[in-house]
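The values are calculated or read from the model by the stated rules, or taken from the named source; none is laboratory data. Not measured: the values here are computed from a predicted model. Positions of Cβ are generated from backbone atoms using ideal geometry, with glycine treated the same way; all protein chains shown enter the neighbour counts. Note: areas computed on protein heavy atoms with side chains; ligands, DNA, RNA excluded. Shrake-Rupley method; radii C 1.70, N 1.55, O 1.52, S 1.80 Å.
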Amino acid sequence: MLGNLQHAIAAAMLLAGAVYSQAPADQGARDKQARGVVIGPTDTVAISVLGAEELSKEWRVGSTGDVTLPLIGRVPAAGLTVEQFERDLHQRLLKYYHQPQVSVWISEFRSQPVTVVGPVEKPGTYQLKGPRSLFDVLIMAGGPKETAGETVTLSRPVEHGDIDFPDARPDVTGKFYTVELPLEDVMEGRGGGAAIDVQPYDVVAVSEHKPPRLVHIAGEVTRPGAVELVSQETVSLLKVLAVAGGLTRTASPGRTMIVHLNEQGVQTSTAFVDLRKVLSGKAKDLELTAGDVIFVPTNNVMTYLQAASVSAVSTGILVLARF
C-alpha cells in the first residue's frame, strides 16, 4: 500500500503544478472562487479605493468581526464573503466619493485553521485560504509518510455543522462529527472521500502503521501459525489450540511452554503449563495477549525449543484466524 501512496502523492504534486500553470481563463475562475471566500475574525483584508490613499492599505479584522476605517467608521466584515464586503464598502463610500472604485482581497488568513496530525511530512496547522478538499489538505501537509497506517479520520466540532459524507457520524462524546476513510482510497481519488470539503477548525488525523498483534503457536500442533487480535485484547489458550487443529500424536503437552516477547522481540517472561489438565478441565484455561508464543514440545524439549524460538515468530508466519 505504501508504494501506491507514494505514487499517488507524486502524481498529485505534478497535477498541482499543472493546475497553477494553466491558461488565464482558469485564473479567472479561481479569482471568482476567491471572491466567495468568507472573511473571518483576525483575518487581514487589503482594500484598494481609487484616489483614496487613506483607505487603500491592509486592515486587520478585529476579534469582534469589524474593521474600523477612516470616514465610515466601524464596518462589519466577518461572516461576509469578499464580494459582499466589497459591495458594502462601495455603498458606504458613495456618501464621500463619486462612483468609488473598490477592490478587496484577503491578504492574510488567520481565521480558517485546519490541523493535520499523524505521520505526514509536515504536520501542523494550516490556513485553508478558500475551499479545500481532504485530498488538498493532505497534499498541503506533504502527504503521508511511509509509516502511515491504513486510515485517515476527519473530525469536525458539531457547532460547525456535520460532514457531508454518508459514513460520517457523531463520536462517542457527541462533540464531534467524524468519518474514517481508507487512506489509499483518498490519495488515489476512489470512493468520493478525497473530495470531502474540509472546513475551518477541522482536524485531519492520519493513522500510524502498527504491526499486527499476534499470538503464536508452534511445535506439535496440526497447523503451526498465529492468531491476530483485531477487535479483542486477549484470546484463550484453548481457542488458539483449536484453530491450530489440535495436538499431533507425537505431542508431549505436559510441559507446554508459553513465553512473552515484547515489541522489540525480547523474551520477558516464561511459564510452563500442563496442557493436558487444561484440555480435561482440571486446570484453568489461560488468556493470552499479543506477543505470547505457545510451544508444544515433543519429548526432546530443549532441542525443539531452540528451533521453535526462531520459526514461530518468522515473518512468513501463517495467520490462522483473527479475533
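Candidates in region 133-177 are the residues that are more than 11 Å from the chain's Cα centre (by Cα) and of a type in the set (S, T, N, Q); of these, the one that is farthest from HIS209 (Cα to Cα) is THR173. Looking at GLY149, GLY118, GLY130, GLY143, just one residue is open to solvent by 20 Å² or more (accessible area, probe 1.4 Å) and not β-branched (Val, Ile, Thr), and that residue is GLY118. Name the single residue that is modelled with the lowest pLDDT among those in region 19-67 being among the basic types (Lys, Arg) and closer than 22 Å to GLN199 by Cβ. Checking each candidate, the answer is ARG30.
Taken over region 108-126, residues that are within 15 Å of the chain's Cα centre (by Cα) and not charged (D, E, K, R) amount to 10. Residues that are within 11 Å of the chain's Cα centre (by Cα) and among the small types (Gly, Ala, Ser) were ranked within region 200-219; the one that is surrounded by the most Cβ atoms within 10 Å (Cβ to Cβ) is ALA205.
Conditions (1) of a type outside the set (S, T, N, Q); (2) farther than 16 Å from GLU228 by Cα, marked per residue:
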site	(1), (2)
LEU241	yes, no
ARG249	yes, yes
ILE258	yes, yes
GLY265	yes, yes
ASP292	yes, no
THR298	no, yes
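Scanning region 93-109 for residues that are surrounded by fewer than 16 Cβ atoms within 10 Å (Cβ to Cβ) and in a helix (DSSP H, G or I) gives no hits. Taking GLN112 as the residue in question, decide whether it is open to solvent by 80 Å² or more (accessible area, probe 1.4 Å) and under 23 Å from VAL37 (Cα atoms). It is false that GLN112 is open to solvent by 80 Å² or more (accessible area, probe 1.4 Å) and under 23 Å from VAL37 (Cα atoms).
Within the span defined as region 296-306, one or more residues are assigned to a helix (DSSP H, G or I) and either among the polar types (S, T, N, Q) or at pLDDT 80 or above (or both). Looking across region 35-81, the residues that are outside any loop (DSSP other than H, G, I, E, B), open to solvent by less than 50 Å² (accessible area, probe 1.4 Å) and on the phi < 0 side of the Ramachandran plot come down to THR44, VAL45, ALA46, ILE47, SER48, VAL49, TRP59, ASP66, VAL67, LEU69, VAL75, THR81.
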